[in-house]
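K.L.:
Quick one: the structure is below, questions incoming.
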Ligand code: MN
């Protein structure tokens, strides 16, 4: 007898793939913190130092937090300081565990533009009390993702990344400024998790993060990848 459930299981979370009718099933969403020195500085931190043996650090978002580029989302509850963070997203397409940086590109399926939307007031309050960041980072519509652009086996190392709000550029940097590059992130993360197809990795935001308000229109672009758009609606 087939197994039944009390209520309908949640629909699979998927993202469109450029040039394909098939969509990418999304598994987990990992995010790298403070991965551009100028952003670490604006958040009041020293950048991580590879020379000191530092490693990247991570937080996660539920796949349920994913929303597609082009959406209009409500201004989220329980915040007065909702921030944009424009990021390169790596889409994993092959399994890997304890991968060396030199082989890490083999896990890459492609890339997307992402917005790590953040309830900054809740994140900072949690940070300052030594509490988890979840309320600031993992909530409905907090992981905005563009179409995934297939680039199997490619480790992106440069390209302009920028975000404009209502046509005014707020964030602008280059992927070459990533403290931990794509290969290093994949390799390091693969020591903590068995990476699997459909895992997405938000690689961190450059400087210039800031608040958005209802009515704002966000437009981001990563050279060689694509574009992303988001509209902020009224609070629910
Ligand atoms: Mn981020």
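We did not get these values from a lab; they are worked out from the coordinates using the rules stated. Since we're looking at a predicted model, the values are computed, not measured. Positions of Cβ are backbone-derived with ideal geometry, glycine not excepted, and every protein chain shown enters the neighbour counts.
K.L.:
Any chance you could count how many residues in region 142-154 are surrounded by fewer than 20 Cβ atoms within 10 Å (Cβ to Cβ) and in a loop (DSSP other than H, G, I, E, B)?
P.N.:
Qualifying residue count, region 142-154: 4.
K.L.:
Which residue out of 87, 168, 102, 157 is surrounded by fewer than 21 Cβ atoms within 10 Å (Cβ to Cβ) and touching a residue at least 40 places away in the same chain (Cβ under 8 Å)?
P.N.:
Numbers: 87 fails: surrounded by fewer than 21 Cβ atoms within 10 Å (Cβ to Cβ); 168 fails: touching a residue at least 40 places away in the same chain (Cβ under 8 Å); 157 fails: touching a residue at least 40 places away in the same chain (Cβ under 8 Å).
Within the list 87, 168, 102, 157, the selection yields 102.
K.L.:
Among the residues of region 179-226, how many are at negative phi, in a loop (DSSP other than H, G, I, E, B) and away from the ligand (no atom under 15 Å from the Cβ)?
P.N.:
Here the count works out to 14.
K.L.:
Follow-up. Being within 16 Å of the ligand (Cβ to nearest atom) and surrounded by fewer than 19 Cβ atoms within 10 Å (Cβ to Cβ): is that true of residue 233 here?
P.N.:
no
K.L.:
How many residues does region 82-105 hold that are within 16 Å of the ligand (Cβ to nearest atom) and within 16 Å of residue 159 (Cβ to Cβ)?
P.N.:
Summing the residues that are within 16 Å of the ligand (Cβ to nearest atom) and within 16 Å of residue 159 (Cβ to Cβ) in region 82-105 gives 5.
K.L.:
Filter region 109-132 for residues that are in a loop (DSSP other than H, G, I, E, B) and more than 14 Å from the ligand (Cβ to nearest atom); which is surrounded by the fewest Cβ atoms within 10 Å (Cβ to Cβ)?
P.N.:
By that ranking, first place goes to 130.
K.L.:
On the basis of being within 12 Å of residue 154 (Cα to Cα), touching a residue at least 40 places away in the same chain (Cβ under 8 Å) and in contact with a strand residue (DSSP E or B) (Cβ under 9 Å, 6 or more places away or on another chain), does residue 108 make the cut?
P.N.:
So residue 108 passes the test.
K.L.:
Which residues, taken from region 190-206, are surrounded by fewer than 18 Cβ atoms within 10 Å (Cβ to Cβ) and in contact with a strand residue (DSSP E or B) (Cβ under 8 Å, 6 or more places away or on another chain)?
P.N.:
Answer for region 190-206, where residues must be surrounded by fewer than 18 Cβ atoms within 10 Å (Cβ to Cβ) and in contact with a strand residue (DSSP E or B) (Cβ under 8 Å, 6 or more places away or on another chain): 192, 193, 194, 196, 197.
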